[in-house]
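No lab work stands behind these numbers, since they all come straight from the coordinates. The structure presented is a predicted model; accordingly, all values stated were derived computationally and were not measured. Here the Cβ positions follow ideal geometry from the backbone for every residue, glycine too, while neighbour counts run over all protein chains shown.
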Amino acid sequence: MQSKPDVFELVQDDIHFDALWEQAQQTVEQFGGQVWTDTGDHDPGVTFLQGYAYGASDLGYRHTLPLVDLLTPPLAEQTEGGGVFPLEFGPHQALTCGPITPEDYRRALLDLTDSTGSYFLFRNVQLLPLDSDGTDARQQDYRYYYSPQTLEFSFKQPQDKAAVRYWLRGNYSLRFERTREGLRNPSEPNNQLNAFLTDNRNLCEAVTHTVDQTWQKINPVAEIELQKHVQDYAAVFAELYRTGEDYISPCVSHETAETLEGRGASAAEIYNGPALSHGWQSRLPPATDYTVPISVNLSGLAARWTQVAGVKSVLSIREGAHSDPGWGWTSNAGSYPLLWGDDPLSEITSSIKLITADGKYVTATKAEIEAKLTPTPVEDNPPKVLPYGKPRDVAQYHPVTDKMPACYNLQLPPGLGGPQALYQFLLPFEQAMSDSCRLLAMLPNLLSFVREGETTWGAQWPYAEGSAADVAHASYKAGLVEHSASMAVDGAQERKLTDHLLGYFGTEAASRMLDTTESESLTIQQSALSQITTLAYQRANIRVDQVSALQKRIAARMGWGQALFDDDVDMGELPFYLVEHRALMPQLPRPIYDSPMKPKKLTLSADNRKLTVDCGNAKPIDQMVVGQLVDFAYPDASGTHTVQGVIVDSYDWHAYTFTVDLVDNPHLRVVLEPVLAAQDKQQLTWKNAASWLKEIVYPLQYEPGTPETPGQEAQLTIPPDFPFPACLQKGSAFSIDSITQLGLEPWSMKAEVVSVD
């Protein structure tokens with residue numbers, strides 16, 4: 001794009017003045033040769049034709065300028081750090097995709113840093129589906145049951161032998177191993193991980209179980225002989241530590257796109273998976289199954305240490321926790337090896353003995369070793385942009401009128417000798433040339449992926465303000481300018497351009513449908529184009545508090561729903577909604593809260609909206625889940641009253657408390673006084689909700705006025721305080737069951753709905 005295109009060589013002769021002038025002469029001869037017989041240079045018509053041939057040639061040469069220059073906007077419209085195309089249309093966004101597969105999530109998580117960008121948070125991660133095919137996964141799988149006997153859905157298996165078991169698929173377990181910096185700052189990985197999982201959740205999927213793997217100290221004990229003349233023992237210790245760390249706990253390797261391109265990697269190989277902020281990952285740590293013990297062969301470590309500068313040989317090596325000389329080490333299940341524990345630079349000098357060539361034992365202090373170690377740099381991976389070219393003022397037009405010989409008086413305004421009729425005769429030609437220059441200058445907008453409006457043709461007044469020609473048209477100039485501007489607005493042409501640009505991304509503009517206007521339909525397609533790389537990147541992503549990419553893509557294909565593309569979206573007023581099945585399900589509770597527990601204290605907020613339950617320290621609260629359901633129970637005159645399905649709004653595991661919102665739990669607010677009174681008497685208990693959905697059993701009664709012994713046909717009604725069964729429709733099957741009475745056989749009758757009012 002930097003040099004003139006190859007097409008220049010093909011059109012160079014055609015756009016030269018001589019070629020254009022020859023073409024003009026041939027046209028004059030063809031259509032007016034019998035009338036226009038004098039075509040010498042002295043003829044006024046020839047002079048004007050030559051002037052416009054020069055103008056057309058100049059316009060043609062402007063088209064052969066480097067494309068990057070033609071796409072470069074004026075300096076005033078350029079953005080710092082930007083380029084010809086917006087950042088979101090660069091390869092780092094257009095060729096990548098948000099995390100979808102477990103491998104994608106692994107790469108994205110290994111790219112996370114602390115809030116200051118100083119160090120990476122995770123050394124390795126493992127993402128496993130909870131599919132009930134393993135004992136560990138089965139404990140965390142989302143299972144629920146339906147009892148035909150009680151007509152209830154519950155998380156605990158009911159006694160009913162006919163109960164049906166169901167699973168909610170799409171749940172994952174995430175196990176992660178922190179870097180050493182992450183171990184020293186435990187809150188950072190947790191905060192960044194929670195934010196990442198919130199922003200990067202796939203449709204109908206969720207990471208519902210996270211495990212912060214525990215480390216287990218591995219202590220290689222070795223005697224190492226040094227080469228002659230080695231003096232910097234701290235440097236040897238530092239390199240032994242670096243090598244051992246890379247062998248036992250290899251980290252991901254980050255490299256820039258330029259480095260990978262230099263090795264011959266293709267764009268498809270580089271921009272594969274999610275966009276990464278700190279370099280593309282050319283090497284990942286080996287995938288680790290944390291559910292089984294991890295083995296380390298120290299013979300490989302010994303081989304690595306023999307390659308360290310200054311080391312002559314490894315005389316002996318073993319694992320410090322074992323007295324036998326074996327070279328193997330195995331962790332406990334659920335743990336990973338951490339070289340020399342959490343303070344390796346203090347341990348290394350006691351575990352590794354350096355022996356000089358003359359047989360002396362030498363060592364170094366922790367501070368000396370630390371000074372030889374340089375922290376792993378966290379480098380930014382800036383987006384690759386096509387830099388701006390040289391701005392060209394291709395819109396500037398020099399009227400042919402201004403270049404005519406003085407004998408034509410075209411440098412004079414009318415009234416001072418200027419020929420008004422000639423000015424008017426030449427205006428259409430000048431306007432066409434000027435509009436063409438303006439159209440070429442519009443190229444950055446015409447080919448822009450970020451579009452708005454419907455101006456697709458050039459329109460600019462050809463004359464300078466106050467010039468003789470400008471004065472000649474002063475009386476009707478405003479009308480002509482307004483007319484030209486209106487002619488430049490072309491919705492059909494804008495739709496063609498938008499459709500053409502959408503084709504670069506494998507899609508096309510949707511046909512207008514439903515009740516949208518042409519203008520609204522076009523605006524939707526423009527919005528979809530301007531966000532198309534973001535929508536493609538987030539194609540599987542969803543957040544319940546934001547409009548999803550899938551929602552916008554559906555709107556674009558339907559050509560309907562402009563509000564979805566607005567910057568400030570009212571989530572309560574969207575044209576349509578997408579609801580995941582899992583969004584209708586309660587959070588899976590942990591079995592630790594299945595047994596009834598007595599709260600230590602209840603606290604009502606000043607605005608009477610929040611009720612905080614202090615559980616004391618009888619059981620930890622860290623396994624609670626926001627959104628899970630709990631039951632409160634207290635004794636009343638009829639026995640035990642249970643407030644079912646109270647939604648947990650938040651919890652504080654440090655304070656052993658959880659909070660419920662009374663606005664979201666109106667059934668609790670109704671009985672709040674008895675609940676508080678029961679707590680004062682230490683008679684209140686809470687536990688996981690026994691059931692979370694129950695079919696309604698509607699009591700039937702005869703319509704008023706029905707005889708005590710009704711005939712063949714009678715009208716049955718539902719009490720007015722029961723909600724009408726909204727799901728009932730023509731063809732629905734239901735049963736009418738008798739009320740069990742002493743001495744009477746129960747009966748049941750199947751029926752079908754024939755109409756609904």
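In a fully extended conformation the segment linking T455 and Q411 would gain 12.5 nm over its present Cα-Cα distance, using 0.36 nm per residue. Based on the Cβ-Cβ distance from L373 to Q493, what FRET efficiency comes out when R0 is 60 Å, to the nearest 0.05? With R0 = 60 Å, the Cβ-Cβ based efficiency is 0.40.
With 0.36 nm allotted per residue and the present C-alpha distance subtracted, the D358-K730 stretch has 124.1 nm of extension available. The packing ranking of peptides 633-641, 81-89, highest mean first, is 81-89, 633-641, where packing means the average number of other beta carbon atoms within 10 angstrom of each residue. Quick one: angle between helix 44-63 and the longest Cα principal axis of the chain, in degrees between 0 and 90, rounded to 10, please. Long axis of 44-63 versus the principal axis of the chain: about 20 degrees. Here, P(r) means the percent of Cα pairs in each 5 Å bin from 0 to the largest distance; for segment 49-205 it is 1, 7, 10, 10, 10, 10, 8, 8, 7, 6, 4, 4, 4, 3, 2, 2, 1, 1, 0, 0.
Across every direction, the projection of the convex hull enclosing the Cα atoms of segment 490-586 has a mean area of 6.8 nm².
Within segment 591-694, the proportion of Cα pairs with more than 22 Å between them is 21 percent. Hey, could you grab the Kirkwood Rh for segment 122-215? Inverse mean 1/r over distinct alpha carbon pairs, Å, one decimal. That comes to 15.4 Å for segment 122-215. Taking only Cα atoms, what is the 0 to 90° angle, nearest 10, from helix 518-530's long axis to the longest principal axis of the chain? On a 0 to 90 degree scale, this one is about 70.
Taking the centroid of alpha carbons for each part, segment 1-72 and segment 330-383 are 75 Å apart. Diffusion coefficient of segment 440-519 by Stokes-Einstein, Kirkwood radius over Cα pairs, 10 °C, 1.306 mPa s: 105 µm²/s. Counting Lys +1, Arg +1, Asp -1, Glu -1, what net charge surrounds D649 among other residues with beta carbon under 9 Å of its beta carbon? Residues near D649 contribute -1 overall.
Potential lengthening of the chain between T198 and R165 amounts to 9.0 nm, from the contour at 0.36 nm per residue minus the alpha-carbon distance. When the pairs K156/K600; K161/K601; K601/K694; K156/K598 are compared against a 28 Å limit on Cα-Cα distance, K161/K601; K601/K694 fall above it. For segment 598-656 and segment 262-291, what is the separation of their Cα centres, given in Å? Spelled out, the Cα-based centre of one part sits 46 Å from the other. Straight Cα distances below 22 angstrom link K730 to the lysines K750, with same-chain residues fewer than 8 positions distant left out.
Considering only beta bridges that DSSP places wholly inside the chain, some 80 percent are antiparallel. Between K687 and T642, the modelled label-to-label distance comes to 0.9 nm, taking each label 7 Å out from Cα in the direction of the beta carbon. By the helix-only formula, in which each DSSP H run with n ≥ 4 contributes -39500 (n - 2.57) and the sum is divided by residues, the chain has a 222 nm mean residue ellipticity of -9000 deg cm²/dmol. Of all lysines in the structure, the ones whose alpha carbon falls short of 30 Å from that of K372, not counting any fewer than 8 places away in one chain, are K217, K228, K312, K353, K360. Between the amide H of Y388 and those of V84, distances stay under 5 Å, these residues lying 5 or more places away or on another chain, with hydrogens modeled in the peptide plane. Dipole check for segment 474-596: with +1 at the C-beta of Lys and Arg, -1 at the C-beta of Asp and Glu, and the Cα centre as origin, the magnitude is about 480 Debye.
Where does helix 477-488 land angle-wise versus the long Cα axis of the chain, in degrees 0 to 90, nearest 10? For helix 477-488, the angle is close to 50 degrees.
The equivalent ellipsoid of the chain has semi-axes of 69, 51, 21 Å, largest first, where each one is the square root of 5 times an eigenvalue of the Cα gyration tensor. The calculated FRET efficiency for the pair K312 and S253, based on their C-beta separation and a Förster distance of 25 Å, comes to about 0.30. Sparse packing (at most 13 other Cβ atoms within 10 Å of the Cβ) combined with a DSSP loop state is found for the following chymotrypsin sites (Phe, Trp or Tyr not before Pro) in segment 20-64: W36. Annotation: the residues I739, I348, I524, sorted from fewest to most other C-beta atoms within 10 Å of their own C-beta, follow the order I739, I348, I524. For segment 204-290, the direction-averaged projected area of the alpha-carbon convex hull comes to 10.6 nm².
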